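The values are calculated or read from the model by the stated rules, or taken from the named source; none is laboratory data. As the structure is a computational prediction, the values presented were derived from the model and not from experiment. Glycine gets a Cβ as well: all are built from the backbone with ideal geometry, and neighbour counts include every protein chain shown.
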Amino acid sequence: MTASSPLELSAPSQADTIAAYARLAPEYDDAGHSTTRALERLSAEAFRRAAPLTHARTAQPTLLELGAGTGALTREVLAADGWSQLIATDPAPAMCARLQTLLGARTCVEAHVLDAAGALGAFGARADVVLAGLADPFLTPDTLDAAHASVRTGGVLFVTVPSHNWAAREREGRLGISVDRTRFLLRDGTPLEAASWSYDDPELLELILDAGFRSIGAGTCTAELPLHDARPELAWALAIRA
Ligand SMILES: C[S@@+](CC[C@H](N)C(=O)[O-])C[C@H]1O[C@@H](n2cnc3c(N)ncnc32)[C@H](O)[C@@H]1O
């Protein structure tokens, strides 16, 4: 099948995407997933650059993390000062179990098996800051609308995704798959595909503004070194519900 085949023109469904991450969870942190590791470093850099917690309406905000996975961004949050409660969520139970191990028995943190829509519905109104690092499996206009509908005025939204510029080169160029998906290889060689929405930062910001948020900032972080001939790149955006 070629990248231009009609069968490859639509991204994997949400259910298939969650199932892929659930299957991947025990291996997700393997060093062999070098692209993911590079994107995680860029996402952490974006978190430090954007400093979302400093824009919260209260000094000790409640944080809601969507699609927290095994906790690459959660680790940054846990190391940061200035928050009172962290509600970390992910729809893949095996991801959430690993997240729970990272969080341990602290009373100020909790983990829930919920997708972005479910998490926003259950906890969005309590959240002063909503965080979604490497949110490419679910960062669609519907998710942004759900965030805007659930978060109260003054709520802050911080998101990161692979840049479209890099994703097109990596996926259509190197991997020969469509740009709306990512592919992981399990240790036994089994390929897994999941939806992956990539945006360059102006487009990401536009989507967020279209959902009704007001911009605080946006940017791009680029890896210093190339991986498979291209420097991984990530877009981030920070916005507030006006
Ligand atoms: C690329 S990983 C990123 C994990 C983590 N946020 C990080 O920064 O490393 C994406 C995560 O999104 C989760 N996910 C997939 N579909 C989702 C959905 N509809 N809502 C919320 N999370 C979803 C996956 O289970 C996976 O853990």
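Worth pointing out:
- Annotation note: Cβ proximity below 6 Å between a residue of the range 134-145 that is at negative phi and a residue that is small (Gly, Ala, Ser) and assigned to a helix (DSSP H, G or I) (sequence gap 6+ or interchain) occurs for PHE138/ALA116; THR143/ALA116.
- Residue within the range 103-113 that is within 20 Å of GLN14 (Cβ to Cβ), modelled with pLDDT of 95 or more and more than 13 Å from the ligand (Cβ to nearest atom) present: no
- Looking across the range 176-206 at every residue that is assigned to a helix (DSSP H, G or I) and away from the ligand (no atom under 16 Å from the Cβ), the one that is surrounded by the fewest Cβ atoms within 10 Å (Cβ to Cβ) is identified as PRO202.
- Number of the exception - PRO137 against (1) in a loop (DSSP other than H, G, I, E, B); (2) away from the ligand (no atom under 14 Å from the Cβ): (2)
- Identity of the residue in the range 34-50, more than 10 Å from the ligand (Cβ to nearest atom) and more than 14 Å from CYS221 (Cβ to Cβ), that ends up surrounded by the most Cβ atoms within 10 Å (Cβ to Cβ): THR35
- Of all residue pairs spaced 6 or more apart or on separate chains, those with beta-carbon atoms under 8 Å, a first member in the range 1-28 that is modelled with pLDDT of 60 or more and within 9 Å of the ligand (Cβ to nearest atom) and a second member that is in a helix (DSSP H, G or I) and not hydrophobic (A, V, I, L, M, F, W, C) are ALA22/PRO93; ALA25/ARG98; TYR28/TYR21; TYR28/THR36; TYR28/ARG98.
- Residue check: GLY219 meets all listed conditions (1) within 16 Å of ALA20 (Cα to Cα); (2) surrounded by fewer than 20 Cβ atoms within 10 Å (Cβ to Cβ); (3) under 17 Å from the mean Cα position of the chain (by Cα) but one, namely (1).
- Scanning the range 140-175 for residues that are more than 15 Å from the ligand (Cβ to nearest atom) and either closer than 21 Å to TRP83 by Cα or not in a helix (DSSP H, G or I) (or both) yields VAL151, ARG152, THR153, GLY154, GLY155, VAL156.
- As a summary of the residue check, THR101 satisfies the conditions (1) part of a loop (DSSP other than H, G, I, E, B); (2) β-branched (Val, Ile, Thr); (3) without any contact (Cβ under 8 Å) to a residue 12 or more places away in the chain except for the one numbered (1).
- Within the range 176-191, being under 15 Å from LEU39 (Cβ atoms) and either more than 21 Å from the chain's Cα centre (by Cα) or among the polar types (S, T, N, Q) (or both) holds for one residue alone: THR182.
- Number of residues in the range 135-160 that are under 15 Å from the mean Cα position of the chain (by Cα), buried (at least 24 other Cβ atoms within 10 Å of the Cβ) and β-branched (Val, Ile, Thr): the value is 2.
- Index of the failed condition, GLU233 passing every other in (1) within 14 Å of the ligand (Cβ to nearest atom); (2) within 17 Å of ALA38 (Cα to Cα); (3) surrounded by 22 or more Cβ atoms within 10 Å (Cβ to Cβ): (1)
- Test: residue in the range 161-171 that is hydrophobic (A, V, I, L, M, F, W, C), surrounded by fewer than 22 Cβ atoms within 10 Å (Cβ to Cβ) and either within 19 Å of ALA235 (Cα to Cα) or modelled with pLDDT under 95 (or both): yes
Residue-by-condition table, conditions (1) among the β-branched types (Val, Ile, Thr); (2) closer than 17 Å to PHE138 by Cβ:
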residue: ASP16; (1), (2): no, yes
residue: THR54; (1), (2): yes, no
residue: GLY69; (1), (2): no, yes
residue: LEU73; (1), (2): no, yes
residue: PRO93; (1), (2): no, yes
residue: CYS108; (1), (2): no, no
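- The listed residue being charged (D, E, K, R) and in a helix (DSSP H, G or I), out of ARG106, ARG48, ARG57: ARG48
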